[in-house]
Amino acid sequence: TNKDFCHLHCHTELSNIRGFKDSTVTPKELIKYANDLGNKAVAITDHGNISAFIKGINALNKLKKDNLIDKDFKLILGEEIYLTSKEELNRTLHDRNERTYFYHFILLAKDLKGCEQLRKINSIGWKDNYFSYLGQPRTPLYYENIETIIGNEKGHIVASTACLGSYMGVLSGKLNSEDITEDEEYDIKSSILDYIDWCIDVFGEDNFYLEMQPNVSEEQVYYNTLLSNIAK
């Protein structure tokens, strides 16, 4: 039912760090609409930034004060980061024959500690890793960045594999190729398993999820089937 459902991958008008908006929805509109659907919570996961947090919290409090949403409605603070290997990024940036990927990855704060970890992770992306790529600002996060922030204090952030733009989504597309060889298929499946093992090790088994999206495109149907088989 709607009261037991929560959208955990949502963008607002502030999700535009690459020079264009991938949403026109304000944090207030997002919260109000989720409440009108009968949901009890909604997450903000803008691309590479957490600028909507304050606006979202202020909007949440104002909507409750004006009795426009349920008093128990919750706003989940998150971010869709760009998670990649530093070695892969450096290699592909200097090789015109290889495409450079900025893999999507969802982080959701469970509590105040998780929000603190999320802010630190975001700061590393902008402060330490920022560079301009094809005229666009890029703020990748490397695996070691996440490991450093989470460390032994796992359990405060929930992570998910995100969309087709994620590492697993890209690998799914390669698996779905008609020209793939047996060796390539083995290597890709091994990479997927290694990736999942890393996620479980860093975030904890109860705080890592495979994200499926309702989409009827051929790519998404194949990816959802793959995710379902992996989950089983």
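The values are calculated or read from the model by the stated rules, or taken from the named source; none is laboratory data. These numbers were taken from a predicted model, which means no experiment stands behind them. Cβ coordinates were reconstructed from backbone atoms using ideal geometry, including for glycine residues, and neighbour counts include every protein chain displayed. To get the accessible areas, we keep the full protein, side chains included, count just its heavy atoms, and leave off ligands, DNA and RNA. Shrake-Rupley method; radii C 1.70, N 1.55, O 1.52, S 1.80 Å.
At 1.4 Å probe size, put Phe102, Phe5, Phe131 in order of accessible surface, largest to smallest. Mind showing how you got there, number by number?
Working: Phe102 20, Phe5 105, Phe131 50 Å².
Output order, biggest surface exposure first: Phe5, Phe131, Phe102.
Whole number in Å², please: accessible area per residue of segment 79-206, 1.4 Å probe, ligands, DNA and RNA not counted. Kindly include the intermediate steps, with their values, before the conclusion.
On the way: 6830 Å² over 128 residues.
Heavy-atom accessible area per residue stands at 53 Å².
Do you know the relative contact order of segment 1-129, to the nearest whole percent, from alpha carbon pairs under 8 angstrom that are 6+ apart? List each step's numbers first, then the result.
Details: 203 pairs, mean separation 28.0, N = 129.
Dividing the mean separation by the residue count of segment 1-129 yields 22 percent.
Can you give the FRET efficiency to the nearest 0.05 for Asn152 and Glu29, using r as the Cβ-Cβ distance and R₀ = 25 Å?
Details: r = 39 Å, r/R0 = 1.56.
Once the sixth-power term is evaluated, E becomes 0.05.
Using 20 Å as the Cα-Cα cut-off, could you pick out the over-long pairs in Lys32/Lys64; Lys3/Lys32; Lys74/Lys127; Lys120/Lys189; Lys110/Lys189; Lys40/Lys71? Mind dumping the intermediate values first?
Values: Lys32/Lys64 10 Å; Lys3/Lys32 14 Å; Lys74/Lys127 30 Å; Lys120/Lys189 32 Å; Lys110/Lys189 31 Å; Lys40/Lys71 10 Å.
Checking Cα-Cα distances, Lys74/Lys127; Lys120/Lys189; Lys110/Lys189 exceed 20 Å.
Mean residue ellipticity at 222 nm from the helices of the chain, using -39,500 (n - 2.57) per DSSP H segment of n ≥ 4 over the full residue count, to the nearest 500 deg cm²/dmol? If you can, show how the numbers build up before the last one.
Working: 8 runs with 101 residues, N = 232.
So the helix-based figure for the chain works out to -13500 deg cm²/dmol.
On the protein heavy atoms, probe 1.4 angstrom, tell me the percent of accessible surface of segment 102-232 carried by carbon and sulfur. Spell out each step's value before the answer.
Numbers: 3550 of 7150 Å².
Roughly 50 percent, rounded to a whole number.
Find the centroid of the Cα atoms in segment 15-93 and in segment 160-220, then give the distance between the two in whole Å.
Each part's Cα centre sits 24 Å from the other's.
Rounded to whole Hz and in sequence order, give me ³J(HN,Hα) for segment 126-131 from the Karplus expression 6.51 cos²θ - 1.76 cosθ + 1.60, θ = phi - 60°, writing x for Gly and Pro.
7, 7, 9, 10, 4, 7
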